[in-house]
1. Limited to the stretch A:24-70, what total is found for residues that are touching a Gly at 6+ places or on another chain (Cβ under 8 Å) and small (Gly, Ala, Ser)?
2. What about B:Gly76, is it away from chain A (no Cβ under 14 Å) and within 18 Å of B:Asp215 (Cβ to Cβ)?
3. Which condition does A:Ala174 not pass, out of (1) farther than 16 Å from B:Ser160 by Cα; (2) modelled with pLDDT under 95, if it passes all the others?
4. Taking B:Ala161 and the conditions (1) of a type in the set (Gly, Ala, Ser); (2) closer than 21 Å to B:Ser31 by Cα; (3) free of Cβ contacts under 8 Å to residues at least 24 places away in the same chain, which numbered condition does it fall short on, given that it satisfies the others?
5. Considering only the stretch A:180-206, state which residues are within 7 Å of chain B (Cβ to nearest Cβ), of a type in the set (Ser, Thr, Tyr) and free of Cβ contacts under 8 Å to residues at least 40 places away in the same chain.
6. Can you pull out every residue in the stretch B:46-95 that is farther than 14 Å from B:Gly117 by Cβ and either aromatic (Phe, Trp, Tyr) or assigned to a helix (DSSP H, G or I) (or both)?
7. I'd like to know if the stretch B:98-107 contains one or more residues that are of a type outside the set (Gly, Ala, Ser), within 14 Å of chain A (Cβ to nearest Cβ) and not in a loop (DSSP other than H, G, I, E, B).
8. Test of understanding: among A:Thr100, A:Thr108, A:Thr50, A:Thr62, which residue is modelled with pLDDT under 95 and touching an Asp or Glu at 6+ places or on another chain (Cβ under 7 Å)?
There are 2 protein chains.
Amino acid sequence: MDKKDKHFQVAILLYPGVTALDAVGPLEVFSRMPGTEIRMVGKEVKPVITEGGGLYLGVTHTLAETPSPDLLLVPGGTTTPGQMVDDDVLDWIRRVHKTTTWTTSVCTGALILGAAGILKGKPAVTHWYKMGVLRIMGAQPRPAERIVQSGKIITSAGVSAGIDMALWLAEKMAGRKQAEAIQLTIEYDPHPPFDAGHMSKASKDVQKLAKKIMDERMPASQHRLAPRIAWRRFVDLLRTGR
Amino acid sequence: MDKKDKHFQVAILLYPGVTALDAVGPLEVFSRMPGTEIRMVGKEVKPVITEGGGLYLGVTHTLAETPSPDLLLVPGGTTTPGQMVDDDVLDWIRRVHKTTTWTTSVCTGALILGAAGILKGKPAVTHWYKMGVLRIMGAQPRPAERIVQSGKIITSAGVSAGIDMALWLAEKMAGRKQAEAIQLTIEYDPHPPFDAGHMSKASKDVQKLAKKIMDERMPASQHRLAPRIAWRRFVDLLRTGR
């Protein structure tokens with residue numbers, strides 16, 4: 001592939017309340033693949049506030065301008081999908097999913113894919129805090145997995161799992177050597193100072209505190225988002241099979 | 001610490017050409033510490049383009065508005081410091097460093113600390129691609145380390161190393177349990193699909209390709225940055241001992 005010729009398009013969906021690392025981890029991997037165009041896509045070309053506040057990420061392309069990405073990545077964020085995205089975004093996801101090579105999510109981005117109705121009957125993973133919602137959406141939760149493949153749909157676990165997923169995808173798309181070179185350029189040789197990154201590894205006390213952090217962080221109100229569509233709407237969507 | 005009372009201030013420096021993950025990895029950790037205010041700081045309140053292009057991050061506070069952060073984090077980016085930041089930023093770094101609890105860098109952010117003259121005679125680490133520059137700046141490179149402490153100055157290796165450093169700092173600042181809970185909330189249970197994230201682990205072929213990716217990615221011209229001060233200026237700075 002000629003590296004000057006950017007003919008593989010990655011669309012990373014942004015919305016108010018998105019978790020920055022969900023989007024940025026994979027961005028750093030995909031942007032180092034040859035021939036790859038990265039688009040930060042959203043309803044409007046403007047900055048969006050991220051989960052937790054403090055940081056703004058810029059939307060550079062609208063949904064309408066991006067009708068056929070090769071790879072769609074949906075990051076997670078505030079965990080009520082009705083407060084993350086609206087019907088326009090869900091319609092766009094359903095539409096572009098028809099022609100993507102890969103449709104992917106990080107963290108609670110899986111709930112957005114679920115709300116769009118494309119995880120029905122499929123194995124999938126999301127952040128442990130919202131794993132049960134996947135079942136409500138008709139998916140088959142895989143809480144022990146970090147990356148779950150179902151055909152061209154790839155879901156990954158919470159936040160930092162997007163980096164692993166993106167490297168996994170980079171190997172499929174650009175080959176092992178390129179993917180390893182990308183890993184080396186971002187020096188992804190993880191050495192966390194402790195080993196509490198999965199529910200199966202954390203102590204009960206740590207699990208409890210982590211849930212408390214999530215409870216306090218998650219209310220979308222802190223991002224000053226108007227709830228655009230009710231949670232119920234998502235369940236209706238699934239029921240009517242759209 | 002009362003979690004409603006944000007009296008620990010983290011300043012993350014942004015500039016055109018900054019590597020997004022260098023800033024966002026630590027952000028996700030620090031923003032989950034109780035009582036912590038995160039500021040994205042830069043010369044002007046405006047979006048800055050990130051290394052590789054495509055993504056904009058928003059500066060929310062100016063340097064002048066942020067005279068005494070408790071923790072300064074300097075992310076890396078395009079690797080000629082003269083094209084990353086100018087004298088105003090270096091002056092600010094030197095000034096705030098006097099009163100910080102922690103002064104930290106990710107990746108080539110160490111070169112900015114070096115250019116500010118605060119790594120002289122100190123052990124430090126940066127991205128492998130620019131390790132030699134640390135020595136020119138009078139620091140003692142520690143290429144085998146991922147996190148290097150020298151008193152209150154903490155430098156970390158390339159890009160993703162910022163996540164490990166931030167968790168390490170979170171333990172120092174908020175205790176082991178809080179730090180482990182943060183690790184769990186970002187599900188940082190890394191499982192890279194291969195193990196080429198450090199120069200000592202990558203094959204010669206992968207090292208060569210990674211260098212090529214860096215060579216192609218690094219020229220600041222792609223970020224449309226005007227070189228604000230010459231490289232030589234940094235060396236002069238060090239020589240004159242400022």
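1. 3
2. Considered against the rule, which asks whether it is away from chain A (no Cβ under 14 Å) and within 18 Å of B:Asp215 (Cβ to Cβ), B:Gly76 comes out as no.
3. (2)
4. (3)
5. A:Tyr188
6. Matches in the stretch B:46-95: B:Tyr56, B:Gly82, B:Gln83, B:Met84, B:Asp88.
7. Yes: the stretch B:98-107 contains one or more residues that are of a type outside the set (Gly, Ala, Ser), within 14 Å of chain A (Cβ to nearest Cβ) and not in a loop (DSSP other than H, G, I, E, B).
8. So the residue among A:Thr100, A:Thr108, A:Thr50, A:Thr62 that is modelled with pLDDT under 95 and touching an Asp or Glu at 6+ places or on another chain (Cβ under 7 Å) is A:Thr62.
The values are calculated or read from the model by the stated rules, or taken from the named source; none is laboratory data. Every value quoted in this text rests on a predicted model; they were computed, and no experiment measured them. Backbone-built Cβ (ideal geometry, glycine too); neighbour counts: all protein chains shown.
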